[in-house]
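Here's the structure, in structure tokens; my notes come after.
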Amino acid sequence: MMNIKSVVIFILLLGTSLFSQWERQDLPDNFGMVLSVDFADENNGIAGGWYLPSMTGRIVYTTNGGENWLNASYPDSTRSITSVHYISNKVLYAFGAYDTTPKKNYEYHKLTKIVKEHPFIGREMKSIGLSAADSTGGMFLKSNDGGISWHKANKLPDEIHFITSSTLIADSTVYLIGNAANYAALSGIYKYLIRNESWEKVLEIDTTSYLQRISFNSSFGVACGWAANDSSGLNGVIYKTIDEGETWNVSEFPDVEHFNNVFLMNDSTAFVAGVSQSIHGVIYKSVDYGVTWQEMDSVPNSIYFDAIAFEENSGKGLLTAVDTAGGQQIWLVYVTYDYGETWSLQELPEQYPNFILYSVIMPFENNWYISGGNFDEGIILHTDNGGVTSINSTELPTEFYLSDNYPNPFNPTTNIVYQIPQEGRVVIKLYDILGGEIQTLVNEHKSQGRFEFTFDGSRLSSGVYIYRITSGKFSASKKFILMK
């Protein structure tokens, strides 16, 4: 993968304003993995997760958009909080697991062997605090004061030992994935009617399947994960319903090892992300209520995709991905402005080696959050400008411009500067000398200003290349020479 880093090109002068990309927010101590974030408005938010050293769940809240996160009060037995939801400004739900005293020894199960043999599967389960060695019970918490204090809510069905994922529909219905004990069979998918405070099991999952995430939009719902196949391997699976969970259909994907995440853009369109059998990130899209699924071609070149989400009523989306460097897992974030047709790399404050970027939400226009951690240290990243990095000085540009890169020739990095006189979408692509497209370097909505990024061609061969900018009716091309 070619590395593109956005940097500021001008010394900050009086009257110059800096628009930063992503900023890391401060969390209280002893928060090792942030699994879920939700906001009632741009100020009031909630986050849940857990802390590995003490094997305890964590809940924090904010009243200023995450500038400060404060510890909430919740039961001491909380093991892990996998999802949080605002029902109203004051009423919130949280789901996960609590520690219990083991009541019996569970038999060794086929899924336990699968977890040991497939490291990515084990990583996903460890991310949420699910372990074959521990005894847990499903947890359902409620807050009536905006997330400051929490208490146990309506009793869950007894067979649920761990809730891996949940989703809220129209502040009236919750759907969740309930896991049985110690990597044994999944209990299934459950439906909770908030007004009636009643639970209904809407799907029974067989004993060789595991569902990771669930999402609903109106009556259309999708859950994704994996299932063991006859050759001791795994296949990605997608369950879908179009009647509020009354009936379900399953699709298996032999070329996919497992799916990690699902996002429903509307009541007919869904995206799922995961990893292929050849260990490469994959995204599938359906526009017909999950009847057919099409693998998307223009996806980033990463080995693993985890979280995917889209901003409401726009083509903007975020995707977290894994790459490897020097034996470490490096997490990357990609953005799309065209419903996933093309993706470009976002600049993060750091690389965060061996962190897991587990969750993404895009609750407001250009106001987005990414969360995760490394089990000892949790992380929440935030942008309030759609991840754009720019500098606008008091003398704003009045015309388009694309610079010659510097240095040129180069090995392996060079800098490219461009400016736009008005807000708009900017696309910069890289081509070989014959005109064959290699990569999209920039695909973002930019404010009026001057911008620079550093291009790393360490994975390209020596030669002459062309980079081309398009913005509105403007286009221009330049050449550079990579000499190794």
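Since every read-out is calculated from the coordinates, none of them should be taken as a lab result. In this text the structure is predicted, and so the values were computed from the model without any measurement. When we count neighbours, we look across all protein chains shown, and the Cβ atoms used for this are built from the backbone with ideal geometry, even at glycine.
Hey, what do the phi angles of the range 331-339 turn into as Karplus ³J(HN,Hα) couplings, whole Hz, using 6.51/-1.76/1.60 and θ = phi - 60°, x for Gly and Pro?
With the stated coefficients, the range 331-339 comes to 8, 10, 10, 10, 10, 10, 10, 9, 6 Hz.
Quick check for me: using +1 on Lys/Arg Cβ and -1 on Asp/Glu Cβ, what's the dipole size of the range 21-388 about its Cα centre, in debye to the nearest 20?
1100 debye
Once you've got the Cα coordinates, tell me which of Lys316/Lys478; Lys90/Lys155; Lys90/Lys240 are over 30 Å apart.
With Cα atoms farther than 30 Å apart: Lys90/Lys240.
May I ask you to derive the FRET efficiency for Ser219 and Ser477 from their Cβ-Cβ distance with R0 = 45 Å, giving the value to the nearest 0.05?
Numbers: r = 49 Å, r/R0 = 1.09.
FRET efficiency, Ser219 to Ser477: 0.35.
How long are the semi-axes of the ellipsoid equivalent to the range 392-482, from square roots of 5 times the Cα gyration tensor eigenvalues, in whole Å, largest first? The partial results should precede the final answer.
Details: eigenvalues 114, 39, 21 Å².
Taking √(5λ) for each Cα gyration eigenvalue gives 24, 14, 10 Å.
What's the local net charge at Ala153, with K and R +1, D and E -1, over the other residues with C-beta under 9 Å away?
Combined, the nearby Lys, Arg, Asp and Glu give +2.
First select every other residue whose beta carbon is under 12 angstrom from the beta carbon of Val222; then total the charges, Lys and Arg +1, Asp and Glu -1.
Values: positive: Arg213, Lys240, Lys285; negative: Asp267.
That works out to +2.
Once the range 247-301 is represented by equal point scatterers at the alpha-carbon sites, with solvent omitted, what log10 I(q)/I(0) does the Debye formula produce at q = 0.14 Å⁻¹?
-0.36
For the chain, with the dipole built from +1 on Lys and Arg beta-carbon atoms and -1 on Asp and Glu ones, taken about the Cα centre, which of Val250, Ile370, Val287 lies farthest toward the positive end?
Ranked along the dipole, the leading option is Ile370.
I'd like the Karplus ³J(HN,Hα) series for the range 458-474: coefficients 6.51, -1.76, 1.60, θ = phi - 60°, whole numbers in Hz, and an x wherever there's a Gly or Pro.
5, 9, 9, 7, 4, x, 9, 10, 10, 10, 10, 9, 9, 8, x, 8, 8
Which entry is the computed P(r) over Cα pairs in 10 Å bins from 0, in percent for this structure: [x] 3, 11, 14, 15, 14, 12, 10, 7, 5, 3, 2, 2, 1, 0, 0, 0, 0, 0; [y] 4, 20, 29, 25, 14, 7, 1, 0; [z] 4, 15, 19, 16, 12, 9, 8, 7, 5, 3, 2, 0, 0?
[y]
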